[in-house]
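Report on the structure given below.
Please treat every number below as a calculation from the coordinates, not as lab data. As the structure is a prediction and not an experimental result, all values here were calculated from the model. For neighbour counting, all protein chains shown are included, and Cβ atoms are generated from backbone atoms with ideal geometry for every residue, glycine included.
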């Protein structure tokens, strides 16, 4: 017969495995976002023209005044944000609870910035950049994973 404590431990292990899987997915997505952002940063710094292969509009978006913030390419700020998400997710995988908690506000800010940048592309610049849209999609994926983590954590505290 299974005791109550062993059933609770088994349930806790399942939750922990799910959380770890979600953190691993966050790590993978953040690496994809970092690769995208680093590519755009390098192209910006070297003055190269980014080739859009799916949609036309990368040049308009990436040469707009919104592509630079305080003298820094916006993509470099994105790369730093993705790197921070990567680091926090790795630390959370190793049991640093505070790192997991810090993911929520960071990803929330990234999501809000992505929404703002999509708005700018659609209604101000009137052009879309496939690499920018990819970054937004990655950020929305990160947001979904963080929300799932938050819900799992909330349910286990009830």
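Results, tabulated for the structure shown:
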| quantity | calculated |
| --- | --- |
| Gaussian network model of the chain, springs between alpha carbon atoms under 10 Å - residue of 114, 84, 64 with greatest fluctuation | 64 |
| Helix 130-157 vs. the chain, principal-axis angle (Cα, 0 to 90°, nearest 10) | 20 degrees |
| GNM flexibility winner over the chain from 82, 23, 66 (Cα, springs under 10 Å) | 66 |
| Packing-based exposure ordering (other Cβ within 10 Å, fewest first) of 61, 147 | 147, 61 |
| Residue with peak Gaussian network fluctuation, the chain [Cα springs, cutoff 10 Å], from 79, 122, 99 | 122 |
| Helical mean residue ellipticity (222 nm; -39500 (n - 2.57) per DSSP H run of 4+; nearest 500) of the chain | -26500 deg cm²/dmol |
| Two-site label geometry, residue 118 and residue 152: point separation in nm, points 7 Å out along Cα→Cβ | 2.5 nm |
| Förster-model FRET efficiency, 22 Å R0, residue 35 and residue 90, C-beta, rounded to 0.05 | 0.85 |
| Computed over the range 14-157: relative contact order in percent, which uses C-alpha pairs under 8 Å that are six or more apart | 35 percent |
| Listed candidates (1) 10, 34, 25, 20, 11, 1, 0; (2) 11, 36, 26, 16, 7, 3, 1; (3) 11, 40, 33, 12, 4, 1, 0 - label of the one calculated as P(r) over Cα pairs in 10 Å bins from 0, in percent | (2) |
